[in-house]
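Asks: The structure is given below, and queries will be raised subsequently.
Derivation of every value follows stated rules applied to the coordinates shown; laboratory data play no part. From a predicted model like this one, the values you see are computed outputs, not experimental measurements. Neighbour counts run over all protein chains shown; Cβ positions are idealised from the backbone, glycine included.
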Amino acid sequence: MTAAKIAIIGSGPSGCYTAQFLNKALPEAEICVMDRLPVPFGLVRYGVAPDHVGTKNVTKQFERLFAQDNVHFIGHVDVGVDISLAQLQAMFDVVVFASGLSQDRALNIEGESLQGVIGSGVLTRWSNDHPDTPEFIDIGERVLIIGNGNVAMDVARLLSKNAADFEGSEMRPETVAHIQKAAVKHIDIVSRSEMDAAKYDAVMVKELLKTEGVRLVLGHNAQGEHEKSMLLTQLAEQSHDQQGTDIVFHYGLTPQYLQGDAHLQAAVFTNAQGEEIVFSADTLISAIGFEASCKHPLQLRDLHTDDTDLNCGFLQHNVYCVGWARRGPVGTIPENRKDAKLVADVIVAALQTQDIGNKGGLKDLLSNLHQPHTDFDDWLRLNQFEISQAVTGRHRLKIKSTEQVLQWLNIAKQSV
Ligand SMILES: Cc1cc2nc3c(=O)[nH]c(=O)nc-3n(C[C@H](O)[C@H](O)[C@H](O)COP(=O)(O)OP(=O)(O)OC[C@H]3O[C@@H](n4cnc5c(N)ncnc54)[C@H](O)[C@@H]3O)c2cc1C
């Protein structure tokens, strides 16, 4: 077989793991992993909480992948904007969408556009210095989180930690100071499901109590028999005497509407009996999952044909999807590895049954790009720079804006 030319769109875990498996099975293949951002690694850099530095270390194995001559990172290329799918299909034998899901799922209730209502994706990206987020986010003293997965726990932890607890993290000191200024005293975590169906991992709830002054409290319908429910009950007893921030867990409540003039004042829920329950809140953070950005010109659902089979990541002839783009916003980083193996196996099998043409691959891609793009060497230099700029007690100091990243890289290129 002639060497295949493979384009992977998205350099988050699913894109990188897919590149890893394809590279293993087809060591001669040319693999280009593209990202709309000038830096790689998707939600590992911009989603995983900035105080979970150990989790972010998975990037080290991806860096070893990009160090190989046949695997390339091409950043600052938004597929569907800077280059079309049709162009990529003309240049590559296979195109794989590993583009994730970047938009917070809407609550779809009245009042959602009030000030003070934000998505957990926005908040966690902001805490990670994502270029698309504002400098500061409006956070009040009384916070309401809707959702009960690990992202909800991340948000509760970031808002309840003391400044000193961010030692060793990647969280920018200004971001920490901004949250400390909000002095969050009360966090309600409200979930539609019953306590026994809570989605968060036990370890995430336990971590909340590592912060001095945090008290876990059982709220509406907080009764259950599941191991996790018992743990929460036990942690609530254990933290009973703490004073600082209360985190109150409520279950079995469905959001109905939000109240406020311009700014959020309260959220109204109903319980199983149809009774209204009102929570006053300055800030509401929805943590109920993610979906594809409705603003992007390239929508994967438009690529579906009668032959599309998402079970194996097949979208249409030689076009595949993997990771969150394939199976929705569920699962941790390791689950994308399993996903990548499944889709890579399907691609390898399909390639064996067809002639690999003489596609131009990377060479053609680069000659068709009209905007500045980044490569893996750029990332290595930027990474080193960010680590070198870390202030005391921090792991790195990220350059936030895309313009600044590109500017710094251009300056760096000239001085090499
Ligand atoms: C807030 C949060 C915290 C999390 N914490 C953890 C954790 O602690 N541990 C854990 O194991 N998992 C965690 N996860 C889950 C984990 O991040 C996901 O499982 C994983 O990132 C999904 O990988 P992906 O590659 O499918 O998507 P992503 O990581 O989102 O990567 C998609 C990439 O595609 C790029 N892209 C999108 N559209 C285009 C386009 N048109 N052109 C070019 N590039 C494009 C994006 O810029 C992005 O880099 C967390 C998730 C969130 C949201």
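Asks: So what J values fall out for the range 203-209 if you push phi through Karplus, 6.51 cos²θ - 1.76 cosθ + 1.60 with θ = phi - 60°, rounded to Hz, Gly and Pro as x?
Replies: 4, 6, 6, 4, 5, 4, 7
Asks: Using 0.36 nm per residue of separation minus the Cα-Cα distance, give me the extension gain between ASP132 and THR55 in nm, one decimal. Can you show the working numbers first?
Replies: Values: separation 77, 0.36 × 77 = 27.72 nm, distance 2.26 nm.
Once the chain is fully extended between ASP132 and THR55, it gains 25.5 nm.
Asks: Near ALA267, within a Cβ-to-Cβ distance under 12 Å, what is the net charge of the other residues, with Lys and Arg +1 and Asp and Glu -1?
Replies: Details: positive: ARG142; negative: GLU110, GLU112, ASP188, GLU276, ASP282.
Neighbourhood net charge equals -4.
Asks: Report the residues of the range 57-85 in range of a label on ILE356: point 7 Å along Cα→C-beta, backbone N strictly under 14 Å from it.
Replies: 70-71
Asks: Please give the net charge around GLN352, taking every other residue with its beta carbon less than 15 angstrom from that of GLN352, where Lys and Arg add +1 and Asp and Glu add -1. Don't skip to the end; give the middle numbers.
Replies: On the way: positive: none; negative: GLU28, ASP93, ASP345, ASP355.
That sum, taken over residues with Cβ under 15 Å, equals -4.
Asks: Which value at 222 nm does the chain reach when only helices count, each DSSP H run of 4 or more adding -39,500 (n - 2.57), with the total divided by all residues and rounded to the nearest 500 deg cm²/dmol? Mind showing how you got there, number by number?
Replies: Working: 15 runs with 144 residues, N = 416.
Computed ellipticity for the chain at 222 nm equals -10000 deg cm²/dmol.
Asks: While we're here: In the range 105-289, what % of DSSP beta bridges are antiparallel (nearest 5)? Could the numbers behind the result be given before it?
Replies: Details: 11 of 35 bridges.
Percentage antiparallel, nearest 5: 30.
Asks: Determine, for each peptide in 155-163, 192-200, the mean count of other beta carbons within 10 angstrom over its residues, then list the peptides with the highest first. Mind showing how you got there, number by number?
Replies: Details: 155-163: 21.4, 192-200: 17.7.
Descending mean neighbour count gives 155-163, 192-200.
Asks: So, one more: For ARG192 and VAL217, what does the FRET efficiency come to when R0 = 25 Å and r is the distance between their Cβ atoms, rounded to the nearest 0.05?
Replies: Values: r = 19 Å, r/R0 = 0.77.
Once rounded, the FRET efficiency stands at 0.85.
Asks: With the cut-off at 1.5 for a/c, could you classify the chain from its C-alpha gyration tensor as rounded, prolate or oblate?
Replies: Values: a/c = 2.09, a/b = 1.63, b/c = 1.28.
Taking the square roots of the gyration eigenvalues as a ≥ b ≥ c, the chain is prolate.
Asks: Taking amide H atoms as placed 1.01 Å from N in the peptide plane, list the residues 5 or more away in sequence, or in a different chain, whose amide H sits under 5 Å from that of GLY289.
Replies: Sorted by chain and number, the residues that satisfy this are ARG105.
Asks: Right, next: Using each residue's phi in the range 187-197, evaluate 6.51 cos²θ - 1.76 cosθ + 1.60 at θ = phi - 60° and report the 3J(HN,Hα) Karplus result to the nearest Hz, with x for Gly and Pro.
Replies: Once rounded to whole Hz, the list reads 10, 9, 10, 10, 10, 6, 7, 6, 4, 5, 9.
Asks: Shifting gears a bit: Given a 10 angstrom Cα cut-off, can you work out which residue in ASP93, ASP364, ASP35 is the most mobile in a GNM of the chain?
Replies: ASP364
Asks: Further question on the same structure: Given a 10 angstrom Cα cut-off, can you work out which residue in VAL203, VAL48, VAL176 is the most mobile in a GNM of the chain?
Replies: It is VAL203.
Asks: Follow-up. Given a cut-off of 26 Å, name the pairs among LYS295/LYS400; LYS60/LYS161; LYS161/LYS341; LYS5/LYS338 whose C-alpha atoms lie farther apart than that in the structure shown. Show your work: numbers first, answer last.
Replies: Working: LYS295/LYS400 22 Å; LYS60/LYS161 28 Å; LYS161/LYS341 38 Å; LYS5/LYS338 23 Å.
Those over the limit are LYS60/LYS161; LYS161/LYS341.
Asks: Taking the Cα centre of the range 105-289 as origin, sum charge times position over the Cβ atoms of Lys and Arg (+1) and Asp and Glu (-1), and report the length of that vector in debye to the nearest 20.
Replies: Values: 14 positive and 27 negative charges, 29 e Å.
Computed charge dipole of the range 105-289: roughly 140 debye.
Asks: Report the extension gain between LYS295 and ASN108 in nm, rounded to one decimal, defined as 0.36 nm multiplied by the number of residues separating them, less their alpha carbon distance.
Replies: Numbers: separation 187, 0.36 × 187 = 67.32 nm, distance 1.74 nm.
Taking LYS295 through ASN108 to full extension adds about 65.6 nm, to one decimal.
Asks: Further, regarding this structure: Check GLN223: other-chain or 5+ apart residues with amide H under 5 Å from its amide H, H built from backbone geometry?
Replies: Under 5 Å from the amide H of GLN223: MET195.
Asks: Would you pull out the residues with amide H under 5 Å of SER169's amide H, same chain only if 5 or more places away, H placed 1.01 Å from N?
Replies: Long-range HN contacts for SER169: HIS395.
Asks: Just want to confirm a number: the relative contact order over the range 105-289, from Cα pairs under 8 angstrom separated by 6+ residues, in percent. Don't jump to the answer; show the numbers that get you there.
Replies: Numbers: 372 pairs, mean separation 61.0, N = 185.
Across the range 105-289, relative contact order equals 33 percent.
Asks: Continuing with the same structure: Given the Cα-Cα distance of GLU227 and TYR257 and 0.36 nm per residue of separation, how much length would full extension add, in nm? List each step's numbers first, then the result.
Replies: On the way: separation 30, 0.36 × 30 = 10.80 nm, distance 3.26 nm.
Stretched out fully, the GLU227 to TYR257 stretch lengthens by 7.5 nm.
Asks: Right, something else. For the range 166-233, compute the number of Lys pairs whose alpha carbons are separated by less than 21 Å, excluding pairs fewer than 8 positions apart on the same chain.
Replies: Eligible lysine pairs with Cα atoms under 21 Å apart amount to 7.
Asks: Tally Lys and Arg at +1 and Asp and Glu at -1 over the other residues with C-beta under 15 Å from the C-beta of LEU218: what net charge comes out?
Replies: Values: positive: ARG215, LYS228; negative: ASP188, GLU194, ASP196, GLU225, GLU237, ASP246.
Spelling it out: positives minus negatives among the neighbours equals -4.
Asks: Also: Please list 3J(HN,Hα) in residue order for the range 370-383, calculated via the Karplus relation 6.51 cos²θ - 1.76 cosθ + 1.60 where θ = phi - 60°; whole Hz, with x for glycine and proline.
Replies: With coefficients 6.51, -1.76 and 1.60, one gets 9, 10, x, 10, 10, 10, 5, 4, 4, 4, 4, 5, 5, 4 Hz.
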